[in-house]
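Scroll down for the structure; my scribbles are underneath it.
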Amino acid sequence: MERIIGNLDKAKLKLDEAFFYLDEIEELIQEDELSEAAGSKVTQATERLTAELSALSGRVAELQDILQALDDQRGPSGADE
């Protein structure tokens, strides 16, 4: 259970980071004129966002595995709790 909670906390942090990068991209796009420097910042922010979402996807997969293992331990009836 501690492992699940730890992974959920990590997933939440990754989501927070992803939304931060998404906000950064949105602000840059809303500027009147997207300069070369701003375009570079958008590209960098997009790459960071992609990395964060990829990490989050890995955490979700790990949580699914943990939950499946817990379900398997409970057995078919699920009456152990």
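The values are calculated or read from the model by the stated rules, or taken from the named source; none is laboratory data. These figures come from a predicted structure and were not determined experimentally. When the accessible area is computed, the model is the full protein with side chains, heavy atoms only, and any ligands, DNA or RNA have been set aside. Shrake-Rupley method; radii C 1.70, N 1.55, O 1.52, S 1.80 Å.
Tabulated data
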{"read-out": "Heavy-atom accessible surface of segment 22-70: percent carbon and sulfur, 1.4 Å", "value": "52 percent"}
{"read-out": "Whole-number D in µm²/s for the chain (Stokes-Einstein; Kirkwood sum over Cα pairs; 25 °C, 0.890 mPa s)", "value": "164 µm²/s"}
{"read-out": "Over segment 1-47: Rg over Rh, Cα atoms, Kirkwood Rh", "value": "1.25"}
{"read-out": "Between helix 2-30 and the chain: long-axis angle, C-alpha atoms, 0 to 90°, nearest 10", "value": "20 degrees"}
{"read-out": "Residue among Ala55, Ala69, Ala11 with the largest mean-square fluctuation in a Gaussian network model of the chain, springs linking Cα atoms under 10 Å", "value": "Ala69"}
{"read-out": "Degrees, to the nearest 10: 36-74 long Cα axis against longest axis of the chain", "value": "0 degrees"}
